[in-house]
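The next block holds one structure in the form of C-alpha cells; read it before the comments.
The values are calculated or read from the model by the stated rules, or taken from the named source; none is laboratory data. Bear in mind the structure is a predicted one, so any value in this text is a computation, not a measurement. Note that we place each Cβ from the backbone using ideal geometry, even for glycine, and neighbour counts take in every protein chain shown. Just so you know, the surface numbers come from the protein's heavy atoms only, side chains and all, with ligands and any DNA or RNA stripped out. Shrake-Rupley method; radii C 1.70, N 1.55, O 1.52, S 1.80 Å.
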Amino acid sequence: MIILICLFIICLFVIILLFALPTFSPIPYFPTQKKDLALIIKALKLQNNQVIYDLGAGDGLVIFEAAKFAKRKKLNTQFIAVEINPILVLILNLKKLFNPNNKNIKIVWGDLFKMNFHKLLYGQNSILSLHPTFYLYVSPWFLDKILSRLQSQFKNFSIVSYMYPIKRLKKKEKIIHGKNSIHSYVNLRG
Ligand SMILES: C[S@@+](CC[C@H](N)C(=O)[O-])C[C@H]1O[C@@H](n2cnc3c(N)ncnc32)[C@H](O)[C@@H]1O
C-alpha cells in the first residue's frame, strides 16, 4: 500500500513538473474556449487537399473538432497536431483513437521552434504543402518568432491566431469577435 502511495506521489510530481518546467512548457497550457470553436473552424476555411497544423495543440480541442467537421463535409483535409508536453501527447494519441476522422490526423511530439513542418506531411505530399494553414494559441511574444519560421519554410500560407494579433501582419488582419478575438491572416508570403 505504501509503495502504491509513493508511486502515486512520484507520478503526480512528474506531471506537475512537466506542466511547470519551461523546457516542457515554454508556453503554458490553456485550452481554447469551447464557445469559440465554431468561429475558429470557420476561420480555418477547411477545404480539400489542405493541411492544418495546430502548433502547440494542447489536448487537441481545436484539431479534433475541426477533423470531425471535415469528415462531416467529406473533405480530405489533413490535420497535424504538434505538442511538446509528453502528457498532452499521450492524451492526444488516446483522443485520436476515438475521432471518426483519425486517419487524417497526425500527432507529433516535438518542439515547434526546431522542426521542419514540410517533413511532417504524409509522404511529403507536395500539393498539401502548397498552402498550409496554422492555428496558433501561444503566448504573444512568441508569435513573431513563429511567423519568421513559417516565412522561411513556406511560399504561401495562412494563420489563425487565437486571442493575440500578429503586429507585423496588421495590414492583412481580419478579426472575428467571439468570446475571445480570433485573428486571421490569409495568403501570407514567405
Ligand atoms: C495555450 S496552449 C494551446 C492549446 C491548444 N492549441 C488549444 O488551443 O486548445 C499552448 C500549448 O503549446 C504547447 N507548447 C508550448 N511550447 C511548445 C513548443 N515549443 N513546441 C510545441 N508545443 C509547445 C504547450 O504545451 C501547450 O499545450
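Values for this structure:
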item	result
Within the stretch 31-56, tally of residues that are without any contact (Cβ under 8 Å) to a residue 40 or more places away in the chain, within 12 Å of the ligand (Cβ to nearest atom) and either closer than 15 Å to N99 by Cβ or open to solvent by less than 10 Å² (accessible area, probe 1.4 Å) (or both)	1
Subset of the stretch 174-190 (residues that are under 10 Å from V160 (Cβ atoms) and of a type in the set (G, A, S))	S184
Residues within the stretch 140-182 that are closer than 20 Å to Q33 by Cα and open to solvent by 10 Å² or more (accessible area, probe 1.4 Å), tallied	12
